[in-house]
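First the structure, in the form of structure tokens, and then the observations on it.
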Amino acid sequence: MKKVTVSAPGKLHLSGEHAVVYGKPALVVATSLRLYTTLETGAGATLLRKMRKNDRYIEAISAAFEKKYGASIKDDVGITITSSIPIGSGMGSSSALAVSLSGALCVWHGMPWNPQAVNDIAYQAEKTIYKGSSGSDPAVSTHGGILWYRKELEFLKTLWLLPFKIPKTFAPFVLINTGRKESTGDLVAHVGEGKKRDEKKFAVLLDAVEKVTKQTAQSIHDEDEKGFRRSISENEQYLEEMGIVSAPVRAFIRAVEEAGGVAKISGAGGIQTGSGVVVAIHDTAQKIIALAKKRKYETFQVVLGGEGVKMEQATA
Ligand code: PMV
């Protein structure tokens with residue numbers, strides 16, 4: 001029985017989310033949470049052909065693959081998807097799906113293993129969900145590690161895989177899932193409206209975000225945890241100025257700060273209820289966990305700088 005499994009990681013935006021849509025750099029890191037796509041022939045699995053009919057995104061990924069390679073996916077391909085990445089919370093679950101499914105389709109059809117092609121297919125699929133996508137999510141899910149990413153032009157995206165890790169001496173991050181109602185596209189559009197209302201103010205804000213993104217990378221490089229924490233805090237202020245952090249999440253982050261920690265949202269944010277995943281740092285992780293528990297937020301920890309897209313198995 002022919003069987004192919006390809007996995008791809010979720011991500012966190014350490015800095016530069018939203019600004020990256022407007023050509024500024026983003027610092028993104030792959031996590032140890034992964035999504036697995038298995039393609040196989042034989043009974044048991046749901047047919048990809050059926051899933052394409054019921055799920056616009058699966059259809060977009062499959063169609064982007066077919067277009068890129070001029071191939072057509074056969075009728076008898078079965079598909080199974082498993083994932084430990086929280087959905088719709090800023091941790092890159094949809095990009096991990098696009099990357100792992102396009103990777104699996106490439107292997108299934110005997111194409112050479114080409115992460116850049118996988119990234120392209122995933123990016124094209126993501127753009128069908130919201131047109132303005134920067135491509136930072138599929139890029140980090142494809143390449144893994146800590147990525148410095150910038151979309152200069154539609155056809156020119158620069159990425160630099162940083163040759164270092166988050167220092168082991170840094171206190172471990174606690175992740176808090178505050179949930180969110182809006183889609184990434186809604187939130188990107190919301191920031192776009194704010195930009196239109198006051199272009200001058202927004203330009204100043206974008207420059208400030210770029211500066212803090214550089215400070216964040218520098219502090220990781222220098223193993224300067226104090227500087228890193230300052231950058232996280234400053235970054236959160238700018239994200240709040242963009243209007244994508246909800247009132248309850250702002251209150252939660254103030255509580256973390258009052259307890260001596262720092263925190264920022266990561267990814268698109270959220271306005272009506274939660275703001276997706278919050279990254280928090282404190283010398284005593286338990287303090288953050290207790291604050292989150294009070295608000296009934298789920299907390300978890302991940303290993304950062306995970307591997308990018310990976311061929312897990314391929315049997316003919
Ligand atoms: O959907 P999220 O939470 O992973 O956010 C994506 C990051 C944005 O910068 C908000 C959008 C983009 O295309 O880069």
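May I ask for the net charge around Ile85, where only other residues with Cβ less than 10 Å from the Cβ of Ile85 are counted and Lys, Arg are +1 while Asp, Glu are -1?
Numbers: positive: Lys11, Arg34; negative: none.
Summing Lys and Arg as +1 and Asp and Glu as -1 gives +2.
Based on DSSP H runs of at least 4 residues, each adding -39500 (n - 2.57), what is the mean residue ellipticity at 222 nm of the chain after dividing by all its residues, to the nearest 500 deg cm²/dmol?
Working: 10 runs with 136 residues, N = 316.
Taking each H run of at least 4 residues, the total per residue is -14000 deg cm²/dmol.
So which trypsin sites (Lys or Arg not before Pro) in region 33-86 pass both tests, a DSSP loop state and at most 14 other Cβ atoms within 10 Å of the Cβ?
Details: sites: Arg34, Arg49, Lys50, Arg52, Lys53, Arg56, Lys67, Lys68, Lys74; in loops: Lys74.
Sparse-neighbourhood loop trypsin sites (Lys or Arg not before Pro): Lys74.
Just to be sure I understand: with springs between alpha-carbon atoms less than 10 Å apart, which residue in Pro163, Pro115, Pro138 has the highest mean-square fluctuation in the Gaussian network model of the chain?
Evaluated over the chain, the most mobile residue of the options is Pro163.
Angle, helix 199-221 long axis vs. longest principal axis of the chain, Cα atoms, 0 to 90°, nearest 10?
Compared with the principal axis, the helix lies near 80 degrees.
Relative to the longest principal Cα axis of the chain, at what angle does helix 184-197 sit, 0 to 90 degrees, rounded to 10?
Between the helix axis and the principal axis of the chain, the angle is about 50 degrees.
Which loop trypsin sites (Lys or Arg not before Pro) in region 268-303, with loop taken from DSSP, have no more than 12 other Cβ atoms within 10 angstrom of their Cβ? Don't skip to the answer; put the middle values down first.
On the way: sites: Lys287, Lys293, Lys294, Arg295, Lys296; in loops: Arg295, Lys296.
Loop-located and lightly packed - Lys296.
Using the charge dipole of the chain (Lys, Arg: +1 at Cβ; Asp, Glu: -1 at Cβ; taken about the Cα centre), state which of Ser100, Thr38, Leu153 has its Cα farthest towards the positive end.
Value: Thr38.
Any idea what the dipole of the chain comes to, in debye rounded to 20, about its Cα centre with Lys/Arg Cβ at +1 and Asp/Glu Cβ at -1? List each step's numbers first, then the result.
Details: 41 positive and 33 negative charges, 93 e Å.
It comes to approximately 440 debye.
Give the relative contact order (percent, whole number) for the chain; include only Cα pairs under 8 Å separated by 6+ residues. Numbers along the way, then the final one.
Numbers: 687 pairs, mean separation 86.8, N = 316.
27 percent.
Would you mind pulling out the separation of the Cα centroids of region 90-145 and region 247-316, in Å?
Each part reduced to its Cα centre gives a spacing of 24 Å.
Run the reach check for Lys165 against aspartates and glutamates, Cα to Cα strictly under 16 Å, same-chain hits fewer than 8 apart removed. What comes back?
The qualifying aspartates and glutamates are Asp222, Glu223, Asp224, Glu225, Glu307.
Principal axis lengths of the chain from Cα atoms, whole Å, largest first?
Over the chain, Cα extents along the principal axes are 58, 42, 37 Å.
Output the antiparallel fraction of DSSP beta bridges having both residues in region 173-300, as a percent to the nearest 5. Don't skip to the end; give the middle numbers.
Numbers: 11 of 12 bridges.
Antiparallel bridges: around 90 percent, rounded to the nearest 5.
Would you mind checking the pairs Lys68/Lys181; Lys127/Lys196; Lys2/Lys131; Lys214/Lys310; Lys11/Lys74; Lys214/Lys287 and listing those with alpha carbons more than 26 angstrom apart? All intermediate terms of the calculation are to be shown ahead of the outcome.
Working: Lys68/Lys181 33 Å; Lys127/Lys196 21 Å; Lys2/Lys131 36 Å; Lys214/Lys310 29 Å; Lys11/Lys74 32 Å; Lys214/Lys287 29 Å.
Result: Lys68/Lys181; Lys2/Lys131; Lys214/Lys310; Lys11/Lys74; Lys214/Lys287 exceed 26 Å.
Using a 10 Å cut-off around each Cβ, can you sort His221, His13, His18 from fewest to most neighbouring Cβ atoms?
On the way: His221 13, His13 31, His18 27.
Neighbour counts put them in this order, fewest first: His221, His18, His13.
So between Thr82 and Lys201, what do we pick up on full extension, going 0.36 nm a residue minus the alpha carbon distance?
38.5 nm
No lab work stands behind these numbers, since they all come straight from the coordinates. This one's a predicted model, so the numbers in the text were calculated from it and none came from an experiment. Because the Cβ atoms are built from the backbone with ideal geometry, glycine has one as well, and the counts that use them run over all protein chains shown.
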